[in-house]
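Asker: Please see the structure below; I have some questions.
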Amino acid sequence: MAAPRITLYLDIVSPFAYIAFYVLRHSPVFSGCNITYVPIFLGGLMNACGNTPPIKIRNKDVWIDQERTRWARAFSVPILEHRPEGFPPLTLGPQRALTAISQKYPAQLVPAFEALFHEFWVKGNAKIGQPEAFGPVLEKQLGKAGSQDVFEAMNQPEIKSLLTSRTDQAFKSGAFGLPWFECTNAKGHTEGFWGVDHLGQVADFLELSRNSDRGFRSLL
């Protein structure tokens, strides 16, 4: 029987994408799944959907900040108490860099995601969208030559087009925000799920036992 598969679409600007990434990486619930992490541009997805950024909706901006800390506590995810200054930054640059890494150094994509999420949502680097901030983070992961290679590639038309096409792919699969999970269970059935608060439904659809992670007690 085939292992359950998850494609998780991510942009480092999203705290909930970070929490979902962390849970899928560390929770024993998902240890038997084949997981693919895909960088997209959340701004492009929101534009395609005509979706209003939550930060611009009165009361919802306060609510989502409370929600991210609640879910982070539930799943023991390290995260800032207050969102980074000037949130949200434009993350087109780092998302293009991650897309370039996925093509040139695919084995380094997950560590690069992890490092950038940590830099922004744990250390609070408000300039994460700028090369002078995300560049040193990637250099630690890839080395000087590797990071220079990525910086050259990220501005090439092929990489820009690939990020756009992957964002379109997320949209066509049903995404309207992040995190978006595209899941295929052992029977070959595929469904999409949005949000950290739907991780319980993800686990149930994939027929995974939740008993090994106390964080799932927060999920009905």
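Asker: Checking a compactness column here: for the chain, what do you get for Rg(Cα) / (2.2 N^0.38 Å), N being the number of residues?
Answerer: This ratio for the chain stands at 0.98.
Asker: Rounded to the nearest 500 deg cm²/dmol, what is the calculated helix-only ellipticity per residue at 222 nm for the chain, with -39500 (n - 2.57) per DSSP H run of length n ≥ 4? Could the numbers behind the result be given before it?
Answerer: Working: 8 runs with 107 residues, N = 220.
So the helix-based figure for the chain works out to -15500 deg cm²/dmol.
Asker: On to the next question. Which one, 105, 219, 173, projects farthest toward the positive side of the charge dipole computed for the chain from Cβ point charges (K/R +1, D/E -1)?
Answerer: 219
Asker: How large is the dipole of region 120-162 about the Cα centre if only Lys and Arg carry +1 and Asp and Glu carry -1, each at its Cβ, rounded to the nearest 20 debye?
Answerer: Details: 5 positive and 5 negative charges, 47 e Å.
Once rounded to the nearest 20, the dipole reads 220 debye.
Asker: Residue separation times 0.36 nm, minus the C-alpha to C-alpha distance between residue 197 and residue 114: what's the value?
Answerer: 27.8 nm
Asker: Here is a further query. Any idea what log10 I(q)/I(0) is at q = 0.14 Å⁻¹ for region 1-91, Debye with uniform C-alpha scatterers and no solvent?
Answerer: -0.60
Asker: While we're on this one: For region 1-97, state which trypsin sites (Lys or Arg not before Pro) are in a DSSP loop and have at most 11 other beta carbons lying within 10 Å of their beta carbon.
Answerer: 58
Asker: Still on this structure, I have one more. Taking the Cα centre as origin and putting +1 on Lys and Arg beta-carbons and -1 on Asp and Glu beta-carbons, what dipole magnitude results for region 1-159, to the nearest 20 debye?
Answerer: On the way: 15 positive and 13 negative charges, 77 e Å.
Here the size comes out at about 360 debye.
Asker: Here's something else I'd like to know. Counting only GluC sites (Glu not before Pro) that are in a DSSP loop and have at most 12 other C-beta atoms within 10 Å, tell me the longest site-free stretch of the chain. Walk me through the intermediate numbers first.
Answerer: Values: sites that count: 81, 85, 207.
Between exposed loop sites, the widest span is 86-206.
Asker: Give the accessible area for residue 149 in Å² (nearest 10); use a 1.4 Å probe, count only protein heavy atoms, and leave out ligands, DNA and RNA.
Answerer: Surface open to solvent at residue 149 totals about 40 Å².
Asker: For region 150-202, state which trypsin sites (Lys or Arg not before Pro) are in a DSSP loop and have at most 15 other beta carbons lying within 10 Å of their beta carbon. Show your work: numbers first, answer last.
Answerer: Working: sites: 160, 166, 172, 187; in loops: 187.
In loop regions of region 150-202 (DSSP not H, G, I, E or B), the sparsely surrounded trypsin sites (Lys or Arg not before Pro) are 187.
Asker: Cα extents of region 64-135 along the three principal axes, largest first, in whole Å?
Answerer: Extents along the principal axes, in whole Å: 37, 26, 17.
Asker: With a 10 Å cut-off between alpha carbons and a GNM built on the chain, which of 55, 12, 35 moves the most?
Answerer: 55
Asker: What is the list of residues in region 9-24 whose amide nitrogen lies under 13 Å from a point 7 angstrom out from the Cα of residue 76, following Cα to Cβ?
Answerer: 23
The values are calculated or read from the model by the stated rules, or taken from the named source; none is laboratory data. Bear in mind the structure is a predicted one, so any value in this text is a computation, not a measurement. We place every Cβ from the backbone using ideal geometry, glycine too, and count neighbours over all the protein chains shown. Side chains included, ligands, DNA and RNA excluded: accessible areas come from the protein's heavy atoms. Shrake-Rupley method; radii C 1.70, N 1.55, O 1.52, S 1.80 Å.
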